[in-house]
Amino acid sequence: MLSPGRARIPQKTLRSDRWWLLPTVTVIVLLSFVVYATWRAFEGAYYYASPYLSPLYSPCLATSCVPGSTDLGTPIGSWYVLSPALLILVFPLGFRMTCYYYRKAYYRSFWGSPPGCAVAEPHKKYTGETRFPLILQNSHRWFFIAGLIFNCILTFDVIIAFRNPEGQWGHMGLGTLVLLISATLLWFYSLSCHACKHIVGGRLKHFSRHPVRYRLWTLVSRLNSSHSMFAWLSLFGVAFADFYVRCLAADWFTDIRFF
Amino acid sequence: MTYDATFRVWRGDDEEGEFADYTVPVNEGEVVLDIIHRIQATQQPDLAVRWNCKAGKCGSCSAEVNGKPRLLCMTRMSTFLDTETITVTPLRTFPIIKDLVTDVSFNYEKARKVPSFTPPPGLEPGDYRMQQIDVERSQEFRKCIECFLCQNTCHVLRDHEENKPKFSGPRFLMRIAELDMHPLDTLDRKKAAQDEHGLGYCNITKCCTEVCPEHIKITDNALIPLKERVIDEKYDPLLALGRVFRKDKAKKG
């Protein structure tokens, strides 16, 4: 801050507002989610309560998955003995870690780079996203595509949740609604993503030659302005859906059946 | 309604400086620049401040008010409490000249390094024809008044003087994005954006967007799309493979 030639103002910031509030809240909420998701991912139990499968464990691909939870088969086989969630969580985790919004959130709140606008950061050196490991943030579009596949799987989970615990179709419970909201929020989060905006049309130089892609780009741009909101809501949605399924699986209460 | 406000204004030059306190009358409807002018007129005639249009369009009166980068002429006194002490300091990223005036020539040097608009060969000014939907995306960036508040706030420059040679800052990366999106511009600016203007240093923390007095969505509409374009060019193996095939086809064709 006190580089030669600059005004000699020793204070790291002169901001008098509560600039520290947002990063503090971000740390608390994100850390809470990380602690909860880590515990649930390693727990390896209480993730299926027929017909609901927790989004943290979907798709369940190992032979060790509880009966009824392996609608996509068990290609991983029986050699795998750890929690089945650990096989798949790298994809949604990677999508969120490389997301442009979450990058802003954790660079500011966890790394203090910067902690607030016009607030001095604590680091002496800064290379940004120019070298390993942060240059890997450029892989966001691949995680976005993986995220779309996961959204399709979670949508399938919602469809098969329109059954009763005995597997008969045409039924719905509160769990179905919880999974439906969670999957919908995930779709909004994915489709409002900056990589999605670029792929559908942002990379074009001439919108006039691609009217359909221009229309899609316009729609995604509209969603993109609320990307941060979808990022948070979808995070809460997934956590709540998992928690609801855990409660059912652990027999803490029974599902409310609508029909 | 008139009341007496307490101002703390940084006074000094590149060798020394300190805060000076002033009690100044404030009238209804005034902005911070009015009060700085009143201090200049009634108490400190040698107080240096750069200003011009007083309408938020020339970008001259950039400074920091209570630690926030702002235009002095667009910061209304009614946004502060009557009892509040208002601190006014110069931009902290650029060398100081005197009091609230800084030397922003860093920005002009960076501007010179961005190649200007390059239309297709043989297309003369006056013959440019393009569709509105092709240009409206980059027209947002033309609202820039070059107040350099974004450059001042960006922590890559503000907190790391050593990054100045390698990083051009949000204003000029936005200029590159504007030209790269322009339907008639023929230069490929992506490689230069990353290698010469330091786009990789940007960690998209959006402070440039937060302080922009023209409300340009610098990060979402310019910097991130530019990062995605650079990824197309440098970090996407599938697209790179596609380019190789296209080149092969063109050679055979």
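The values are calculated or read from the model by the stated rules, or taken from the named source; none is laboratory data. All values derive from a computational prediction rather than experimental measurement. Every residue, glycine as well, gets a Cβ built from its backbone with ideal geometry; the counts of neighbours run over all protein chains shown. Note: areas computed on protein heavy atoms with side chains; ligands, DNA, RNA excluded. Shrake-Rupley method; radii C 1.70, N 1.55, O 1.52, S 1.80 Å.
Some observations on this one:
- Convex hull volume of the C-alpha atoms in segment A:119-178, normalised per residue: 161 Å³.
- Compared with the dominant principal axis of the Cα atoms in chain A, helix A:100-109 is inclined by about 60°.
- Debye equation applied to the C-alpha atoms of chain B, log10 I(q)/I(0) at 0.09, 0.15 Å⁻¹: -0.50, -1.07
- Kirkwood Rh, Cα atoms: Rg over Rh of segment B:3-102: 0.93
- Only helices enter this figure: runs of n ≥ 4 DSSP H residues, each worth -39500 (n - 2.57), summed and divided by the residues of the protein assembly as shown, yield -12000 deg cm²/dmol at 222 nm to the nearest 500.
- Other protein chain Cβ atoms within 10 Å, averaged over every residue that makes up B:128-137: 3
- Between 0 and 90 degrees, the angle of helix A:174-191 with respect to the longest Cα principal axis of chain A falls at about 40 degrees.
- Under 11 Å, Cβ to Cβ, from B:Ile204 - net charge with Lys/Arg +1 and Asp/Glu -1: +3
- Summed buried accessible area for A+B [probe radius 1.4 Å, Å², rounded to 100]: 5000
- In the context of the full set of protein chains, segment B:3-102 has a per residue accessible area of 44 Å² (1.4 Å probe).
- Mean-position separation - Cα centroids, segment A:230-253 and segment A:124-168, in angstrom: 17
- Approximating the spin labels as points 7 Å out from Cα along Cα→Cβ, the A:Asn164-to-B:Asp188 distance works out to 6.4 nm.
- Diffusion coefficient of the protein assembly as shown by Stokes-Einstein, Kirkwood radius over Cα pairs, 25 °C, 0.890 mPa s: 95 µm²/s.
- Lysine pairs meeting the criterion (Cα under 20 Å, 8 or more apart or interchain), as found in segment B:167-253: 11
- Three-way shape label, segment B:129-220, alpha-carbon gyration tensor, a/c 1.5: oblate
- Per residue, the convex hull spanned by the Cα atoms of segment B:30-158 amounts to 164 cubic angstrom.
- Segment B:1-42 and segment B:173-215 have Cα centres lying 36 Å from one another.
- Heavy atoms of the protein chains alone define the surface here; on that basis chain A has 48 Å² accessible area per residue at 1.4 Å probe size.
- Against chain B, whose longest principal axis comes from its Cα atoms, helix B:170-181 is set at around 30 degrees.
- The chymotrypsin sites (Phe, Trp or Tyr not before Pro) of segment B:72-149 that DSSP puts in a loop, and whose beta carbon has at most 15 other beta carbons within 10 Å, are B:Phe117, B:Tyr128.
- Charge dipole of chain B about the Cα centre (unit charges at C-beta), most positive-ward option of B:Ala20, B:Cys53, B:Gln40: B:Cys53
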